[in-house]
1. How much length, in nm to one decimal, is gained on full extension between Asp50 and Glu62, taken as 0.36 nm per residue of separation minus their Cα-Cα distance?
2. So I have (i) 1.13; (ii) 1.07; (iii) 0.99, and one of them is Cα Rg over 2.2 N^0.38 Å calculated from this model. Which one is it?
3. Averaged per residue, what accessible area in Å² does segment 62-102 show with a 1.4 Å probe, protein chains only?
4. Evaluate Rg over Rh across segment 66-150, taking Cα atoms for both radii and Kirkwood's formula for Rh.
5. Could you tell me which of the pairs Lys46/Lys99; Lys5/Lys99; Lys88/Lys133; Lys51/Lys84; Lys99/Lys129; Lys5/Lys51 are separated by over 24 angstrom between their Cα atoms in the structure shown?
6. Given Cα pairs under 8 Å that are at least 6 residues apart, what percent is the relative contact order of the chain?
7. Trypsin sites (Lys or Arg not before Pro) within segment 1-65: which are DSSP loop residues with at most 11 other Cβ atoms inside 10 Å?
8. Which whole number in µm²/s is D for segment 10-50 by Stokes-Einstein, with the Kirkwood Rh taken over Cα pairs at 10 °C and 1.306 mPa s?
Amino acid sequence: MPKIKRASLEDLDQLYEIELECFGENAYSKFILRLLLMDRRTIALKLLTDKSLAGFVIGRIERRGRKRLGRVYTLNVKPEYRGKGFGKSLMRAIEEEFKRRGCEEAVLEVAVENLQAINLYKSLGYEFKERIKNYYGAGKDALLARKRLR
């Protein structure tokens, strides 16, 4: 049975390998992942199977005026573990952490061509309101998704 636990700096090398496997040239650098893991406002969760680390999610508590929101920075599930509900489990777990820490809303960006992720986020109740031109570089747009948590 898979387990979700907190990720830490000790997991950095494995997290970076999975990030590269999932996002290739669009992956966060090891430096950025390290910064996120060191930030006290970051929530980093990993999903462990009997055999290995199958995926992870990293989000961060941010402020917009007086409101707190949870921003999902990256969600990763190794290709061989996809289609088993692990991405949904990780998202639900981070949303619970956001709520526990007083966030009223969760936000994320997703590449317009990443239909698998878009469908996952829609199934979790995210609404897509805005297209961000060139978010991932020239000609690589993103969709901004939001979900009320309270």
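The values are calculated or read from the model by the stated rules, or taken from the named source; none is laboratory data. The model shown is predicted, which means the values in this text are computed figures rather than measured ones. Here Cβ is always computed from backbone atoms with ideal geometry, including for glycine, and neighbour counts include all displayed protein chains. Protein only, heavy atoms only, side chains kept; ligands, DNA and RNA dropped before computing areas. Shrake-Rupley method; radii C 1.70, N 1.55, O 1.52, S 1.80 Å.
1. Values: separation 12, 0.36 × 12 = 4.32 nm, distance 3.38 nm.
Length gained between Asp50 and Glu62: 0.9 nm.
2. (iii)
3. Values: 2330 Å² over 41 residues.
Per residue, segment 62-102 has an accessible area of 57 Å².
4. Details: Rg = 13.1 Å, Rh = 13.5 Å.
Expressed as Rg/Rh, it is 0.97.
5. Details: Lys46/Lys99 18 Å; Lys5/Lys99 17 Å; Lys88/Lys133 27 Å; Lys51/Lys84 15 Å; Lys99/Lys129 22 Å; Lys5/Lys51 15 Å.
Lys88/Lys133, as the Cα separations exceed 24 Å there.
6. Working: 263 pairs, mean separation 27.1, N = 150.
Here the relative contact order equals 18 percent.
7. Values: sites: Lys3, Lys5, Arg6, Lys30, Arg34, Arg40, Arg41, Lys46, Lys51, Arg60, Arg63, Arg64; in loops: Arg40, Arg41, Lys51.
Answer in residue order: Arg40, Lys51.
8. On the way: Rh = 10.9 Å.
Estimated diffusion coefficient is 146 µm²/s.
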